Every structure is written in C-alpha cells, then in structure tokens.
Amino acid sequence: MERDNKNDTEEGKKKLIDMGIEEEEIDFYEMSFRSEGEPIVADRVKVAKIGTIFFIIAELMYFGGLISTFFVMRSQYEVWPPPGQPSYPVLQTFFNSLFLFASGILIYIFDKKRNFTFLLLTILSGAVFLLLQGREWVQLVRFGLTMTSSSYGSIFYLIVGSHAVHAFGGLIWLIIAFLISRKKSSLSTPSIESASLFWKFVVLIWPVIYVSLFLS
C-alpha cells in the first residue's frame, strides 16, 4: 500500500513537472501542508503580489498628497506659471512619455506570452524614458527652473522627481527579477510577478501626474 502511494505521488509529481512547474516549487508545496492536510504556508507568488499591492496603495496615497499640494499651491497664484518662470515642457514630456507607455504595453505582453524578450524591451523602454526626462530637467535648470527658484519649481521637481525615483527603482527591480528568473529557468517567480505589478503602477500613475501638472 505504501509503495502504491509512493508511486502515485511520483507520477503526480512527474505530471506537474511536465506542466512546467519546477520541482523546487512542488517540494515547497508538499512541505507547506501538515499531516492533516491544512496549509501552513501560502503560495509565494500570491504573497509577493499581495505585499506589492499594499505597497502600491501606500504609494498612491503619497502621490495623492503631492498632487493635492500642487493644486493648493497653484490656487495661490493669479498667473500660472508665475512671472519669470518657464512653462513646464508639455510637448517634450509627452514625447518622453511614449517610451514609458510602450514599456507598459510590453510588460503586459510579457505577462501574456512569458517571453524574456518582452521583459528586456520593457526595461529598455523604461530606461530611455528616464534618460530623456533627465535631459529635460537639465534644460529646465538652464532656463532657471530649480528646486530653490520658487515653489513653482520645487513642487514640480518633487512630484516628477518622486516618479523618477519610483521608475528607477522599478527598473532595478525588473532587472533583478530577470536575473533571478534566468537563473531558475522560470518565467513565473515571486520576484518577477511583484516587479511586473509594480512597473504597471509606475506606468499608470504617470498619466495622472502628466495631466495634473502639464495640462491642468
């Protein structure tokens, strides 16, 4: 009887491996159950996603506070932008944004097709967006818009800079997830699922920032 149960277990394990599930993950699930069959450890991918969602909620409140501050500050000025300050670069930023939006489409395709090429293209597009934004900020500084020039400049760099920090962190997260996934030869790991989810947040929060700062 014990031999039959062992054979059934091995056959079931082999079928799971044939379905593309790693042997390490199967062993993990087996160890996560008590003898009576109650789970003691949740799915690692789900745990990573839930943790990332809570983090994103906190960041949404952070950006919500920044944007609210922007509108309160703007209401105190009769003329916008204030005299002597350059206008925010609407068209140039829109062009830069196309690369970020492209990365959002690419990460979505990656989630569907599970092809490393789309993940690499996502990272590349995001990096181009950051580089173009950096070049844009250098030009603004030359035109006299700095963190200390006025509240008009400080709130701009605070909001846009915060997004840039998140984008940079998201790219590092994606690169690390990519390396881990290549090492494990798996396209579905906790790191890659959480990094993908966070990058979608980076992409989707940007239109809100763009419309609030550049078009309102």
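Here are the numbers for this structure:
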item	result
For region 44-215: rounded, prolate or oblate by the Cα gyration tensor [a/c cutoff 1.5]	prolate
Distance in nm between pseudo-label sites at Trp80 and Arg142 (7 Å out along the Cβ direction from Cα)	2.8
Nitroxide proxy distance, nm - points 7 Å out along Cα→Cβ at Ser188 and Phe94	4.1
Proxy reagent accessibility, fewest Cβ within 10 Å first, across Leu120, Leu100	Leu120, Leu100
For region 35-116: rounded, prolate or oblate by the Cα gyration tensor [a/c cutoff 1.5]	oblate
Integer Hz, Karplus 6.51/-1.76/1.60 couplings in order for region 204-211, x for Gly and Pro	6, 6, 5, x, 5, 5, 4, 5
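Rule-based calculations on the coordinates, nothing more; no lab input. Here the structure is a predicted model, which is why all the values come from computation and not from measurement. In this analysis, Cβ positions are derived from the backbone assuming ideal geometry, glycine residues included, and neighbour counts consider all displayed protein chains.
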